[in-house]
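This report refers to the structure that appears directly beneath it.
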Amino acid sequence: MQFTAEEAGIGGAFTQVDENKPAGTLVPYVTTDDIEGSLEKIGSNGGSTVVPKTEIPGFGHFAVFSGPTGNRIGLYAGNPEG
């Protein structure tokens, strides 16, 4: 089961822990208007792309990067059409 919440522009979800999503592997996401530009800046500052810009049909795009210390953070850009 998945719980989602969206309030005052803040969204989130709790997904069930399973073999593909073990406990302790939380990936927070932040929004950006330019995923590719953000990944470029991240790379030039010591981070690396884990998942390249990927389409979420009907919703937008996401990517995941790893910071210099190994923590993973996701990027999300919604469809401009809504």
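What is segment 27-82 by shape, rounded, prolate or oblate, if you read a ≥ b ≥ c off the alpha carbon gyration tensor as root eigenvalues and call it rounded for a/c under 1.5, prolate for a/b larger than b/c, and oblate otherwise? Because a/c hits 1.5 or more and a/b exceeds b/c, segment 27-82 counts as prolate.
Each of V50, V30 was scored by other Cβ atoms within 10 Å of its Cβ. Arranged with the fewest first, they read V30, V50. Under 5 Å between amide hydrogens, built in the peptide plane, is the criterion, and for Y29 it picks out G74 among residues at least 5 positions away or on other chains.
Since every read-out is calculated from the coordinates, none of them should be taken as a lab result. The structure displayed is predicted, hence computed values, not measured ones. Using ideal geometry, Cβ is built from the backbone for each residue, glycine included, and neighbour counts are taken over all protein chains shown.
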